[in-house]
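Read the figures in this text as sums done on the coordinates, not as results from a lab. Quantities reported herein were computed from a predicted structural model and do not represent experimental measurements. A quick note on method: Cβ atoms are made from the backbone with ideal geometry, for glycine too, and the neighbour counts reach across all protein chains shown.
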Amino acid sequence: MSAWIKSYQALRQHPKTRKLARRVGGVPAAIGYLHCLWWWCIDYAPDGDLTNHDAEDIAIACEWDGKPADLIKHLSECGFLDNGDGLRVHDWDEYGGALVDGRERNAQRMKRARAAHVQDTCSARAGLERKKERKKETRGRGDTSPVPPAVSYCPEDGATIQADGHCPVCQKVPA
């Protein structure tokens, strides 16, 4: 499934982007590196924390051909990466955090739906089992239905009882 992130048109003119553009070869290149980084984060650093990834990982993510350390330096100096308690994407919640939150909400919703489906399935199976048990219990007790059968047979000789209630063979009226 393809994911997407917010990309504001103001990014092109933002001072941080303009500063990065001077260092990486222009505005289109700067925006391209940023988007490649953000897209990569969706899959490999969904919380925006890059501390488990080295500079080369990030350079590969951004499609950067220069020295990996230079890219980290440029992104940090221009304010796109925070390099305090570990390397993090600046304002990640604004760009990709909503996607991560949405995925988490969707996962929880699906978990609840699956649990409800299992409960419904179990209830239906239990009802079917109860029905089978009731059917087993009534076997051998004869017909307990209030509706008489359409055809009756004489218990003495097995002949079909006539419409007037008499057996044509023994001439008796069965009880």
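The table for this structure:
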read-out	value
For Leu50, residues with placed amide H under 5 Å, excluding near neighbours	Leu87, Arg88, Val89
For the chain, the longest site-free run once chymotrypsin sites (Phe, Trp or Tyr not before Pro) in DSSP loop states with at most 12 other Cβ atoms within 10 Å are removed	9-175
Pair Arg125, Glu104: separation of 7 Å Cα→Cβ label points (nm)	3.3
Sorted by Cβ density within 10 Å, fewest first, the residues Ile5, Ile72	Ile5, Ile72
Degrees, to the nearest 10: 68-77 long Cα axis against longest axis of the chain	90
Selection from Ala55, Trp39, Gln171, by position along the positive dipole direction of the chain (Cβ)	Gln171
The chain: angle of helix 27-44 to the longest principal axis, Cα-based, in degrees nearest 10	40
Charge dipole (debye, nearest 20) of the stretch 12-137; +1 at Cβ of Lys and Arg, -1 at Cβ of Asp and Glu	1140
Most mobile of Gly96, Gly165, Gly84 in a GNM of the chain (Cα contacts under 10 Å)	Gly165
For the chain, calculated [θ]222 nm from helices alone, where every DSSP H run of n ≥ 4 adds -39500 (n - 2.57)	-16500 deg cm²/dmol
From the coordinates shown, percent of Cα pairs over 30 Å apart corresponds to which of (1) 15; (2) 34; (3) 53	(3)
Gaussian network model of the chain, Cα within-10 Å springs - most flexible of Ala116, Ala163, Ala124	Ala163
Residues of type lysines that Lys16 reaches as a straight line, Cα spacing below 19 Å, ignoring anything fewer than 8 places off in the same chain	Lys6, Lys73
